[in-house]
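The values are calculated or read from the model by the stated rules, or taken from the named source; none is laboratory data. Because the structure is predicted, anything quoted here is derived from the model rather than measured. Heads up, the Cβs are rebuilt from the backbone with ideal geometry, glycines too, and the neighbour counts pull from every protein chain shown. The protein model used for the area step is the full one, side chains on, heavy atoms only, and it has no ligands, DNA or RNA in it. Shrake-Rupley method; radii C 1.70, N 1.55, O 1.52, S 1.80 Å.
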Amino acid sequence: MRFLSGIQPSGNITLGNYLGAIKNFVALQNEEKFDDILVFIADLHAITIPQDKQELRKNIRSLAAIYLASGLDPKKCHIFIQSEVPFHTELSWILECNTYIGEVQRMTQFKDKSKKEETHGVSTGLLTYPILMASDILLYDTNLVPVGKDQKQHLELARDIAMRFNQKYGDTFVIPEPFISPKSAKIMSLTDPEKKMSKSDENPKSYISLLDDINIAKKKIKSAVTDSDTKVKYDIENKAGISNLLTIASSLSGDTIEKIEKDFENKNYQEFKEYVANLVGDLLADIQEKYNKIINSKELDEILDEGRNYATYLASKKINKIKNKVGLGRKL
Ligand code: ATP
Ligand code: MG
């Protein structure tokens, strides 16, 4: 069994990325049923919106170090940079020719992000992004894809594309399954708890970056938007901000939401926020200590080299099979 997932180096990796994605990669890598694990840095996805060249370079390396600092074990998984394996884009073209425009146009993420990008123009890549994502997954015969809830629709599209291709050209792709952890599938923005936390949000107060100064991160939690009520109670409809903090606290402490509600039954929001801020502070301190040891190491490059070589080996075999099925080039 193989699992694969990736994150875009499009900004500072957030607590949402950690709880919705990375934390699950780390848990799954210890499950016996997975004998092959691929985790990549989706730099090709990041350029769907404008990126500063220097920043992007920095963020690519930084994300690799964050994966390791968060507990991904290079003995158990292969970590690689997407753009270092050219077959992702090659497959993406083939799949684009087998995907209808309407299918990508109705993706809610495209609708949201293209609205935000309207002022400097919406790239075609933003529209075709889910097809590149399907290629990332299908290229490796992936069985399971751990992602946050916001990626569910893209994963369904990847499944549709795979099934259609299999029907048209004969059995080629494994149909991937999503793995969405119910507990922390969608961490919300701290300044607008109706919106998901995103690393590309223009307001840094809306997210906790894993590399934030610890005091600043704690302050962000303490000033998170809540409501005018006083009860620490999970109620997504009427108390989105408090519900979000309860989700964060439960995911970080391992306690159930019910237990935390009980612990804070007779306490105020300030005390509750203090508690959540400390949990977040402890996580960041742990990750940052490891991160600082790894970020400038030679070992980090060696891990990325190994990952690139392994992914290239798997992908090159698969792409030849796919091209043969479609009738491209000379028979190999
Ligand atoms: P961007 O704003 O650039 O799209 P992002 O924060 O959405 O950044 P992605 O690189 O798109 O991050 O997604 C990486 C992984 O993190 C995906 O599995 C995605 O589902 C998950 N994820 C992103 N945001 C959240 C969130 N708020 N809560 C839980 N999981 C999330
Ligand atoms: Mg995203």
For the list (1) over 18 Å from the mean Cα position of the chain (by Cα); (2) within 16 Å of ligand 2 (Cβ to nearest atom); (3) of a type outside the set (D, E, K, R); (4) in a loop (DSSP other than H, G, I, E, B), I need the number of the one condition that Leu127 fails. (4)
For segment 54-89 the number of residues that are part of a helix (DSSP H, G or I) and among the basic types (Lys, Arg) is 3
Taking Lys222, is it in contact with a helix residue (DSSP H, G or I) (Cβ under 9 Å, 6 or more places away or on another chain) and surrounded by 16 or more Cβ atoms within 10 Å (Cβ to Cβ)? no
Taking segment 157-186 on its own, how many of its residues are within 16 Å of ligand 2 (Cβ to nearest atom) and either open to solvent by 60 Å² or more (accessible area, probe 1.4 Å) or aliphatic (A, V, I, L, M) (or both)? 5
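Taking the stated definitions as given, is Leu190 away from ligand 2 (no atom under 16 Å from the Cβ), within 18 Å of Asn278 (Cα to Cα), touching a helix residue (DSSP H, G or I) at 6+ places or on another chain (Cβ under 7 Å) and open to solvent by less than 20 Å² (accessible area, probe 1.4 Å)? Lay out the reasoning, then the answer.
Working: away from ligand 2 (no atom under 16 Å from the Cβ): yes; within 18 Å of Asn278 (Cα to Cα): yes; touching a helix residue (DSSP H, G or I) at 6+ places or on another chain (Cβ under 7 Å): yes; open to solvent by less than 20 Å² (accessible area, probe 1.4 Å): yes.
Yes.
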Inspect segment 55-73 for any residue being among the aromatic types (Phe, Trp, Tyr) and within 20 Å of the chain's Cα centre (by Cα) and give the result as yes or no. yes
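Looking at the structure I just gave you, is Phe34 more than 11 Å from ligand 1 (Cβ to nearest atom), part of a helix (DSSP H, G or I) and among the aromatic types (Phe, Trp, Tyr)? I'd like the intermediate steps shown before the answer.
On the way: more than 11 Å from ligand 1 (Cβ to nearest atom): yes; part of a helix (DSSP H, G or I): no; among the aromatic types (Phe, Trp, Tyr): yes.
In short, no.
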Pull out all pairs, ordered by first then second residue, where Cβ-Cβ is under 7 Å, the residues are six or more apart or on different chains, the first lies in segment 6-20 and is in contact (Cβ under 8 Å) with a residue 24 or more places away in the chain, and the second is open to solvent by 20 Å² or more (accessible area, probe 1.4 Å) and part of a helix (DSSP H, G or I). Ile7/Asn17; Pro9/Leu56; Pro9/Ile60
Single residue of Ser5, Ser92, Ser83, Ser70 found to be touching a Phe, Trp or Tyr at 6+ places or on another chain (Cβ under 9 Å) and more than 16 Å from ligand 2 (Cβ to nearest atom): Ser70
Between residues in segment 315-332 that are within 12 Å of Ile94 (Cα to Cα) and residues that are among the β-branched types (Val, Ile, Thr), which pairs lie under 7 Å by C-beta distance while being six or more apart or on different chains? Ile322/Ile94; Ile322/Thr172; Lys325/Thr172; Val326/Ile94
Collect the residues in segment 251-271 that are assigned to a helix (DSSP H, G or I) and out of contact with any Lys or Arg (no Cβ under 7 Å at 6 or more places or on another chain), keeping them in residue-number order. Leu252, Ser253, Ile257, Glu258, Lys259, Ile260, Lys262, Asp263, Tyr269, Gln270, Glu271
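Quick grid of which residues meet (1) within 9 Å of ligand 1 (Cβ to nearest atom); (2) in contact with a strand residue (DSSP E or B) (Cβ under 7 Å, 6 or more places away or on another chain); (3) at pLDDT below 95:
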site	(1), (2), (3)
Asp171	no, no, no
Val174	no, no, no
Ala185	yes, no, yes
Met188	yes, yes, no
Asp201	yes, no, yes
Output the residues belonging to segment 88-116 that are more than 29 Å from Lys23 (Cβ to Cβ) and of a type in the set (Phe, Trp, Tyr). Trp93, Tyr100
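Where residues in segment 107-135 are surrounded by 12 or more Cβ atoms within 10 Å (Cβ to Cβ) and more than 15 Å from ligand 1 (Cβ to nearest atom), which of them is farthest from Lys318 (Cα to Cα)? Steps first, answer last, please.
Pass one, segment 107-135, residues surrounded by 12 or more Cβ atoms within 10 Å (Cβ to Cβ): 107, 109-110, 112-114, 116-117, 122-123, 125-135.
Filter once more, keeping what is more than 15 Å from ligand 1 (Cβ to nearest atom): 128, 131, 135.
Working: Thr128: 22, Ile131: 17, Ser135: 11 Å.
Among them, the one singled out is Thr128.
Matching residues to (1) part of a strand (DSSP E or B); (2) within 21 Å of the chain's Cα centre (by Cα); (3) in contact (Cβ under 8 Å) with a residue 12 or more places away in the chain:
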residue	(1), (2), (3)
Asp141	no, yes, yes
Val145	yes, yes, yes
His154	no, yes, yes
Lys168	no, no, yes
Ser181	no, yes, yes
Glu194	no, yes, yes
Ser200	no, yes, yes
